[in-house]
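The values are calculated or read from the model by the stated rules, or taken from the named source; none is laboratory data. Treat the numbers as computed from the prediction; the structure is a model and nothing was measured. Note that each Cβ is placed from the backbone with ideal geometry, even for glycine, and that neighbours are counted across all protein chains shown.
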Amino acid sequence: MTKIRHTTPSPPSGTALDVTVERPVVGGRMLARHEGRVVLVAGAIPGEHVRVVVERAKRDVLLAETVEVLEASLDRRPVIGVAGCGGRAFAHVAYRRQLELKADIIRDAFRRTGGLDLDESPPMVASPERGYRMRARLHVDAQRVGFLEEGSHRVCDVAGNGQLSPKTERLVERLGSVAAVLSAAGVRTLELAEDLPGNQCVLHLPWSGDRGGMADAWRALAELPGVTGLTSAGDVGAVGPRILAGAPRLTDPLESFLPSDGAGVLTLGRHAHAFFQANRYVVRELVTAVADLAGGPEVVDLYAGVGLFAVCIAARQGGHVTAVERDSSCVPDLRVNAAPLAPAVEVVRAPVETYLKRTPRLTGSTVIVDPPRAGLSREVLTRLARARPDRIVYVSCDVATQARDLRAFGPLGYRVALVRAFDMFPNTPHLETLVSLERR
């Protein structure tokens, strides 16, 4: 298709336009058109006629914000709290419609980027809208601790946001009492992590500045009601974070994630700064779905993190699971979590590229990949396909990069056998997608 190049200049920032919204796109905006130009609109719903103000032009695409709804969708609802606080770009949309929009985004990305036409919308696992978040990055300024407003560096109050539990919202409000001290010391972010029920809460300061003047602030943080542990970035060369107060790790019974006879009294633990799924309500559904696809005597879990998939699968079905991880923030927890199941779980600390170089054949195996948002590198993708595992279970938090990778897997001998979606972040455009690829 030939792209239309406009000879007239784009409307300047601040220009008001009336547009009709067509469909959602990756990232959370909605697509509309004005005089042949694509307009990506924030704060709208497909089918609505809205007045927008142009924020800026990006090549031939206009980015715009809804300022008046001229013809509203029946799915529009009032927004509680600051609409853009914590990335809640869909907060104005009824939850049922949010799930439909996310399914539309998947189908559109798979078709346009992945070259895959899904016959029907993928099944979507829904989540309670409030209190779902058990991990959060909080931002600090001189007045408060909270999330960032969408598209800005302004810290906004989490009260009424709904992503955190009411108890955790109150804790964050109390954190504001030491915001000035933290800000003055150069602390710009805090990592907050909880266990599934919300009984444990560890704060982590990803900061390694001068600790001399921070003792009072640390003490104040550690003494806040509900804080069970406090850590900071470790000294150069140290293994793991520096423990400032309390218990540095969060633990949950393994059976909370995947009930099985093998789970017994085992636990799954992690430090606050280690990557872990954020939604306390949907994580069990995701683990179960991955485990159901990971059949056979040999499973390889690439980007294994702290071992959520690898350990749960080994406990439930036995066999041999290789867990590959390179991140120093995850490997210590992965080793602790895997140890009770050794030798059924083998931990390999290495970049995925290095592991695949050393393991040229994976025939008969199921391989799980849960890469960072950037997706699979070209080297990983090519080497993995050459290794010829029977099945690849691809978990992704970015549907666009996943769709790009799926397009590449096709010519390398794999077909998409199943697609499922998990609404890990209600009221935002983000979601988790699970794709099963089978060797032809």
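Tabulated values for the structure
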quantity	calculated
Of residues in segment 176-198 being in contact with a Lys or Arg (Cβ under 6 Å, 6 or more places away or on another chain) and aliphatic (A, V, I, L, M), the one nearest to MET214 (Cα to Cα)	ALA179
Unique residue being touching a Ser or Thr at 6+ places or on another chain (Cβ under 8 Å), at pLDDT 95 or above and crowded, with 23+ Cβ neighbours inside 10 Å when the list is ALA314, ALA304, ALA272	ALA272
Identity of the residue in segment 112-171, acidic (Asp, Glu) and not in a loop (DSSP other than H, G, I, E, B), that ends up surrounded by the fewest Cβ atoms within 10 Å (Cβ to Cβ)	GLU149
Qualifying residues in segment 416-426 (those that are assigned to a strand (DSSP E or B) and in contact (Cβ under 8 Å) with a residue 60 or more places away in the chain) - the one farthest from GLY307 (Cα to Cα)	VAL416
Boolean, ILE313 is farther than 17 Å from ARG270 by Cα and in a strand (DSSP E or B)	no
Test: residue in segment 54-75 that is assigned to a strand (DSSP E or B), modelled with pLDDT of 95 or more, among the hydroxyl-bearing types (Ser, Thr, Tyr) and not assigned by TED's automatic domain parsing to the domain that holds LEU190	yes
Residues of segment 21-39 satisfying the condition of being without any contact (Cβ under 8 Å) to a residue 40 or more places away in the chain and under 29 Å from THR401 (Cα atoms)	VAL21, GLU22, MET30, LEU31, ALA32, ARG33, HIS34, GLY36, ARG37, VAL38, VAL39
Which numbered condition GLY87 misses (of (1) at pLDDT 95 or above; (2) touching a His at 6+ places or on another chain (Cβ under 9 Å))	(1)
Test: ILE45 is crowded, with 17+ Cβ neighbours inside 10 Å and either within 23 Å of ALA103 (Cα to Cα) or aliphatic (A, V, I, L, M) (or both)	yes
Residues being within 19 Å of ASP390 (Cβ to Cβ) and in contact (Cβ under 8 Å) with a residue 40 or more places away in the chain - total across segment 406-415	2
Qualifying residues in segment 259-311 (those that are over 20 Å from the mean Cα position of the chain (by Cα) and among the hydrophobic types (A, V, I, L, M, F, W, C)) - the one nearest to GLU432 (Cα to Cα)	LEU293
